[in-house]
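Before any comments, here is the structure.
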Amino acid sequence: LNYLQGWARKVHRKGKYLFVHLDDGLNNSGNDKDNSHNGSMLQVVIPRSLCHSVMVGTALELSGEWTRSQGSKQPMELFASKCKPITDNPLCELLMFSDVEAYSVIREKLFRVYIEAVIGFRLSCDIYTIKTIAETSDAMRQRLHLRPLSSNFRSVLRLRSQLNVISRQFYEKEGFIEIDTPMISCNDCEGAGEAFLVKVVVSDFIHELISIIYSSAIMIVLAQEDEDFFGDNRFYLPVSSQLHLEAVISGISKVYTLSPAFRAEKSLSRQHLAEFRMLEAEIAFLDDLDELCSFVERFVRFVIERLKQSTCVQTDYNNMSNTFCDQVVIAIIVVDFFFCQYSCIRYLIALCK
């Protein structure tokens, strides 16, 4: 393959050449600050006669010849014969540049001065990458679509993707059928949580347009029709898919779903999200609690073991892990799960306090 597309994650110059670390985001090609530990980093050598400069974050199309690398960080590198920038550095959007003149000054030496003025503090000489700018300000929280510029967020997305794949592999191996449950439902799952009520919203522009064309009497009828879209029933975003799955197991004995769930709870904590994905399963003819607990244990072990077997997943995990998480993962694999009654758990928690 002599044709590549990706983003410049790291750029440095040496003589007449640019050395660009290219990444397409599909696997972990190393930490944004230090790629020395990762042998899979793809390096492209670009003659400056083809492209005088490349900024971190620029999207590139490249073609050329593969050659043995003179460095020790990768076995091969692409010597570019063609280089086409597709997009400029996305920091212009991240830092709210609104006109061509402001954007044009982000070049070479002015780049650092402009960035420091915007974020309010000086940057050390070796760390003005996308990751540094993004994660030392609130810009990412204000512009969620730019989060993939962060290596940590890319790692989270890849881990979640693998988690979904492995979970489905387990349930397929166990003979389950995946069910697509509805996103609009007339049940609130027996009051399991506060539910979002679904209503029809007609934009102000449409209302204004209709009011210009039609009489006010027709506007009143339109408003009534909007309110009565679902008839007399009240419809909600799903708090849980449990009742739908319980209905399905009257004909299919093993079912599961991995679907979005919504809780209308005003909280910013990680324990009470307004939207999240929930894995739910139902098994017919199962009345043994110990058997159910063993099934859950098999699932958790299967997922952890498969994730640890993946080299790419391990690299992503290592970028984000801490000592406590590492110990928990090891314990899940090598230590049998402990089952006890609820009253016993309460007693143990009280002792810990």
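Just so you know, all these numbers are worked out from the coordinates, no wet-lab data involved. Note that the structure is predicted; figures quoted are calculated from it, not measured. Cβ placement follows ideal geometry from the backbone for every residue including glycine, while neighbour counts extend to all protein chains displayed.
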1/(1 + (r/R0)^6) with r = Cβ-Cβ of ARG147 and LEU279, R0 = 22 Å, i.e. FRET efficiency to nearest 0.05, evaluates to 0.40
Estimated distance in nm for a label pair at LYS82 and LYS199, the labels positioned 7 Å out from Cα along Cα-to-Cβ = 5.6 nm
How far apart, in nm, are the 7 Å Cα→Cβ label points at ARG13 and GLU265?
-> 5.5 nm
Stretchable slack from GLN74 to CYS352, in nm (0.36 nm times residue separation minus alpha-carbon distance) | 95.1 nm
